[in-house]
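Engineer: Next up is a structure, given as structure tokens.
The values are calculated or read from the model by the stated rules, or taken from the named source; none is laboratory data. The structure presented is a predicted model; accordingly, all values stated were derived computationally and were not measured. Because the Cβ atoms are built from the backbone with ideal geometry, glycine has one as well, and the counts that use them run over all protein chains shown. These area figures cover heavy atoms from the full protein model, side chains too; ligands, DNA and RNA do not enter into them. Shrake-Rupley method; radii C 1.70, N 1.55, O 1.52, S 1.80 Å.
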Amino acid sequence: QVQLVESGGGLVQPGGSLRLSCAASGFTLDFVDICWFRQAPGLEREGVSCISRRDGTTEYADSVKGRFTISRDLAKKMVYLQMNSLKPEDTGVFYCAADHRRTWQSMLSTRRADYWGSGTLVTVSS
């Protein structure tokens with residue numbers, strides 16, 4: 001059974017850090033591109049970061065570049081998003097998404113993917 005499960009969200013103060021995890025099961029992680037999305041209430045889901053199935057290269061939205069780091073552990077079938085220097089505008093539900101066919105570019109542009117987790121809530125507030 002294909003499944004993605006996010007964890008690691010919570011409440012942090014501005015400037016704080018969180019590490020999100022995405023546990024994958026039911027497929028081989030290096031056969032898919034992985035992206036993190038986030039969605040604030042009432043707003044569209046937006047791409048945050050992606051990692052390529054081909055060589056593990058990474059992509060970041062301008063709003064998080066330099067603060068967030070995406071990584072993967074193929075053996076553990078885990079994808080991580082290390083978030084530092086968090087800002088209130090980072091608040092939202094974070095989702096990991098995977099796709100056997102779509103490239104990370106397509107996932108970002110279409111906001112579609114074969115597999116989605118249910119999300120983990122990140123709240124940045126003082």
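Engineer: Accessible area per residue of region 1-99 at 1.4 Å probe, in Å²? Before the final figure, lay out each step's value.
Structural biologist: Details: 4810 Å² over 99 residues.
Counting only protein heavy atoms, the per-residue value for region 1-99 is 49 Å².
Engineer: While we're here: Taking only C-alpha pairs under 8 Å that are 6+ residues apart, what is the relative contact order of the chain in percent? If you can, show how the numbers build up before the last one.
Structural biologist: Details: 309 pairs, mean separation 45.2, N = 126.
RCO, the chain: 36 percent.
Engineer: Using DSSP to define loop residues, name the GluC sites (Glu not before Pro) in region 16-105 whose beta-carbon has at most 13 other beta-carbon atoms within 10 Å. Could you put the intermediate results ahead of the total?
Structural biologist: Numbers: sites: E44, E46, E59, E89; in loops: E44.
Of the GluC sites (Glu not before Pro), the ones in loops of region 16-105 whose Cβ has at most 13 other Cβ atoms within 10 Å are E44.
Engineer: Then there's this: With only Lys, Arg, Asp and Glu charged, each at its Cβ (+1 for the first two, -1 for the last two), find how big the charge dipole of the chain is about the Cα centre; round to the nearest 20 debye. All intermediate terms of the calculation are to be shown ahead of the outcome.
Structural biologist: Values: 15 positive and 13 negative charges, 25 e Å.
The dipole of the chain has a size of about 120 debye.
Engineer: Grab the DSSP H runs of the chain that are 4 residues or longer, score each as -39,500 (n - 2.57), total them, divide by all residues and round the 222 nm result to the nearest 500 deg cm²/dmol. List each step's numbers first, then the result.
Structural biologist: Values: 1 runs with 7 residues, N = 126.
When only DSSP H runs of four or more count, the value is -1500 deg cm²/dmol.
Engineer: If one computes P(r) from the Cα atoms of the chain, what percent of pairs lie at distances over 19 Å? Intermediate results must be reported in sequence, preceding the final value.
Structural biologist: On the way: 3215 of 7875 pairs.
Tail of the P(r) past 19 Å holds 41 percent of the pairs.
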